[in-house]
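Encoded as structure tokens, the structure appears first; notes follow it.
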């Protein structure tokens, strides 16, 4: 099974951090050294990947269109979002793609029925749970900024207030704690349950799901269930210390915290090497970010060799001697030989 | 590199956002809050590690028992009887909300809704 290896890998990572953080002195490795290496790998790797992509020429317009393209004929109405003809329309299309995952809205489910008959049916679940997962993750990241920023800026407090607005229990439950788990369960479940998707899914599809699931679960456990030694003041001092290059571990912190931090570090370091790069990749997708203007502008392939025009007359001038020698008819005879 | 006019500014914005905590804190790790502990009491209703980690759960439990289930029974710690109340038990020793509760809560921006209903003790200098 393709999900057993990634599952075992995440369990192994948990055990490494669990056992490792209990060895005296190793807290500095898991709390300071590894997070620094991870964030450096993330930033450098991310930029490197984007620059590598930017070096690949995209010679022709290859947008995926699914609407009427621009026509100078006034009675033909252009679909500006699905077949953008200029930059501002592309920007609108990209904005909706990045912010609302518009292309997932078109997601369809293909099924074979008796007959045999192939049917396609609209399936918005992936869009719904995908959006839910991504926004939950974003809010969770923003919420965590309260541990990295001192003093905490107002907009982080606003986000945190909104996320905890249900005021359920104490410490208060966050909406995104539930929705990120719900999103992950769906994204994992669809790979298990849909037969064709199970066939397509690889270890590197399951690994990030398990990893993020592990991060979310350890976070939830720390906040609600295993609070002993989760010293939030010491954790904030460490986090602010990491951001100011003066990290200090001033108290004994629960292993659960080091497991959580280690899994986050692994996620950050793994990010540039993985499919998670769709975070940067969505902006660089030629099928989305190009205008459908092939019939309005001439796009020249940047690696075309520089070929000078070569007329037949000049060709014959160049090779006349050999052509005559081989009895190939020529338009202009050789000049008479000077004796 | 193609489209560097768009991609390089995009990457710079990305890196600035990711490193936001570095330039927001501008190298100042700040002060860790210092609690003012009560001078006349030696012991809390639970061991320090317990109460530090789980005081909010205990207070919630008290609230549910007292307000919802009408279980106002006193409980005993080391021969002393305590009432299940934030104002009369906790704040009896921890006289100042500002110097006790708020120090850690402000540092980590925890905003408990205790004081939506309870009256905070009058702060004496």
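Tabulated values for the structure
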| quantity | calculated |
| --- | --- |
| Residue count, the range A:114-128 (criterion: over 16 Å from residue A:103 (Cβ atoms) and either in a strand (DSSP E or B) or in contact with a helix residue (DSSP H, G or I) (Cβ under 7 Å, 6 or more places away or on another chain) (or both)) | 4 |
| Residue A:85 out of contact with any strand residue (DSSP E or B) (no Cβ under 9 Å at 6 or more places or on another chain) and surrounded by 13 or more Cβ atoms within 10 Å (Cβ to Cβ) | yes |
| Residue ranges of helices (runs of 4 or more DSSP H) in the range A:146-226 with at least 3 members at pLDDT 95 or above and surrounded by 15 or more Cβ atoms within 10 Å (Cβ to Cβ) | A:175-193, A:203-220 |
| Residue in the range A:244-259 that is in the same structural domain as residue A:26 (by TED's automatic domain parsing), farther than 25 Å from residue A:11 by Cβ, free of Cβ contacts under 8 Å to residues at least 40 places away in the same chain and part of a helix (DSSP H, G or I) present | yes |
| Output for the range A:22-79, where each listed residue is crowded, with 18+ Cβ neighbours inside 10 Å and away from every other protein chain (no Cβ under 14 Å) | A:27, A:30, A:31, A:34, A:63, A:69, A:70 |
| Qualifying residue in the range B:15-27 (condition: modelled with pLDDT under 85 and out of contact with any helix residue (DSSP H, G or I) (no Cβ under 7 Å at 6 or more places or on another chain)) | yes |
| Residue match in the range A:279-296 (condition: assigned to a helix (DSSP H, G or I) and under 30 Å from residue A:15 (Cβ atoms)) | yes |
| Residue match in the range B:77-85 (condition: in contact with a helix residue (DSSP H, G or I) (Cβ under 8 Å, 6 or more places away or on another chain) and loosely packed, with under 12 Cβ neighbours inside 10 Å) | no |
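The values are calculated or read from the model by the stated rules, or taken from the named source; none is laboratory data. What you are looking at is a predicted structure, and each value in this text was computed from that prediction instead of being measured. Here the Cβ is made from the backbone with ideal geometry for all residues, glycine too, and neighbour counts use every protein chain on show.
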